[in-house]
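Structure, as structure tokens:
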Amino acid sequence: MSRMTSHPAAALNGEARVPSDKSMSHRALMFGAIAEGVTRITDLLEAGDVMSTATALRAFGVSIEREGAEWVVRGGAWSDPERALDLGNAGTGVRLLMGLISGRGHPATFVGDPSLMRRPMGRVLDPLAEMGLEFESHDGRLPVTIKPSALKGIDYELPMASAQVKSAVLLAGLSASDTVTVFEPVPVRDHTERMLKAFGADLTVEPHQGGNLITLKPGATLKAPGLLAIPADPSSAAFPMVAASIVEGSSVRLPEVMLNPLRTGIIKALRAMGASIEELDRRTIGGEDVADLRVTASALKAIHVPPADVPDMIDEIPVLAVAAAFAEGTSRFDGLHELTVKESDRLAATARLLTAAGVTCRTGDDWLEIEGGQQPQGGGTVDTDHDHRIGMATLVMGLATKEPMHVTGADAIATSFPSFRSLMNDLGAKIDAS
Ligand code: S3P
């Protein structure tokens, strides 16, 4: 079981481009796989989750190769996979792929690592079944076997704020006989919509009852766009962002961070706590706004996060909780139910990590309270339970506690951020591996 330890650090300084966006990388491979022509991608995220998606697509006969600095995807003739597809830890990979393949006539069985095997798949299978999908599942969990099915359209209202569910329905809609509409009462990350449009899908998004109504008409042939570039992942940037905010004297520059407005909740929340985060050189990459972020250490104050603010920072709550441990006052986060079905039960895991660092916290069904203000003692050990973000949040905590923090199961970090330790150490952190 791989172990990492982070030691109290002097100031973090310098510049580091965090790895590319995971959500966009999965989608770029999948859309390239069904598009006409050759899709060329630069700065694809080369991490466990995205490589699991690439391996699964290759099992359908799709060619995905790295050629120099580019990843090249050639769709062409799809075939039936010969064995079960192991998506590892990748929730986005498996849920979007189930939608993508469901109307394409290729039977496939999906499995994953112990974390993915326990995650709910019914949220995707239910609307797909309504569209006509035939499948077998293990009580709404993996293994799931998709059978060749003829799909019809659907008018679907998202029952939970999930971009994976929205995307699975839209991707199934590409091979349905008629129009698919998805109503999202609460807007969630829209990379699928943006990238599908760039590939030529017939898709519109209109504001509707405070949310969005997305309409996808089948029939359009997706075509490889020009070179597709993937900017840096704001969810990965969140770790050095919080680290630089809480380690005295720090000032780091994080180039090319994607600033899709549905992903910037962490920046807004940290700023509301008093963090200093400047956006420099705003530009567009891969159809998304990006900027270099300059983050300078500052005194933080407590925050109240209402349920409406959670979807835009759904993956950043554990590391925001670390920031709250250093903020003056009691912070409270509400509306956290979706955290319980992530790579681990992240609500419980976040409470465990705070407690292991000696921080007083209270938690309920879907809320968390954190008493901040004192420098936490640290000294504890946290197991990732196959959850990369719990590992990284714990290591960020250990940079500013009195004693080091230890992580077991640290290999999970490679699912999204394989260079985490070296990148943080280059900025001045002291994270050891053993
Ligand atoms: C993702 C959507 C979110 C997020 C995940 C990536 C995506 O999951 O937590 O890391 O790329 O669509 P949910 O759809 O479960 O909220």
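The values are calculated or read from the model by the stated rules, or taken from the named source; none is laboratory data. Everything numeric here is computed off the predicted structure, so don't read it as measured data. Using ideal geometry, Cβ is built from the backbone for each residue, glycine included, and neighbour counts are taken over all protein chains shown. Just the protein is used for accessible areas: all its heavy atoms, side chains included, with ligands, DNA and RNA removed. Shrake-Rupley method; radii C 1.70, N 1.55, O 1.52, S 1.80 Å.
Going through the stretch 80-109 one residue at a time, which ones are under 28 Å from residue 43 (Cα atoms), open to solvent by less than 60 Å² (accessible area, probe 1.4 Å) and away from the ligand (no atom under 16 Å from the Cβ)?
81, 85, 101
Looking at (1) crowded, with 23+ Cβ neighbours inside 10 Å; (2) away from the ligand (no atom under 16 Å from the Cβ); (3) not acidic (Asp, Glu), which is the only condition residue 197 fails?
Answer for residue 197: the failing condition is (1).
Exactly one condition in (1) open to solvent by less than 10 Å² (accessible area, probe 1.4 Å); (2) within 22 Å of residue 120 (Cβ to Cβ) is not met by residue 345; state its number.
(1)
Which condition number does residue 37 fail, the rest of (1) open to solvent by 40 Å² or more (accessible area, probe 1.4 Å); (2) under 24 Å from the mean Cα position of the chain (by Cα); (3) assigned by TED's automatic domain parsing to the domain that holds residue 104 being met?
Tallying (1) open to solvent by 40 Å² or more (accessible area, probe 1.4 Å); (2) under 24 Å from the mean Cα position of the chain (by Cα); (3) assigned by TED's automatic domain parsing to the domain that holds residue 104, residue 37 fails exactly one: (2).
Only one of (1) modelled with pLDDT of 95 or more; (2) surrounded by fewer than 17 Cβ atoms within 10 Å (Cβ to Cβ) is not met by residue 27, so which one is it?
(2)
Listed residues 365, 281; which is without any contact (Cβ under 8 Å) to a residue 60 or more places away in the chain, open to solvent by 40 Å² or more (accessible area, probe 1.4 Å) and not in a loop (DSSP other than H, G, I, E, B)?
Exactly one of 365, 281 is without any contact (Cβ under 8 Å) to a residue 60 or more places away in the chain, open to solvent by 40 Å² or more (accessible area, probe 1.4 Å) and not in a loop (DSSP other than H, G, I, E, B), namely 281.
In the stretch 304-340, which residues are touching a strand residue (DSSP E or B) at 6+ places or on another chain (Cβ under 8 Å), in a helix (DSSP H, G or I) and away from the ligand (no atom under 12 Å from the Cβ)?
The answer is 320, 321, 324, 325.
Name the residues in the stretch 177-194 that are surrounded by 24 or more Cβ atoms within 10 Å (Cβ to Cβ) and over 22 Å from residue 338 (Cβ atoms), would you?
Residue satisfying the conditions is 180 alone.
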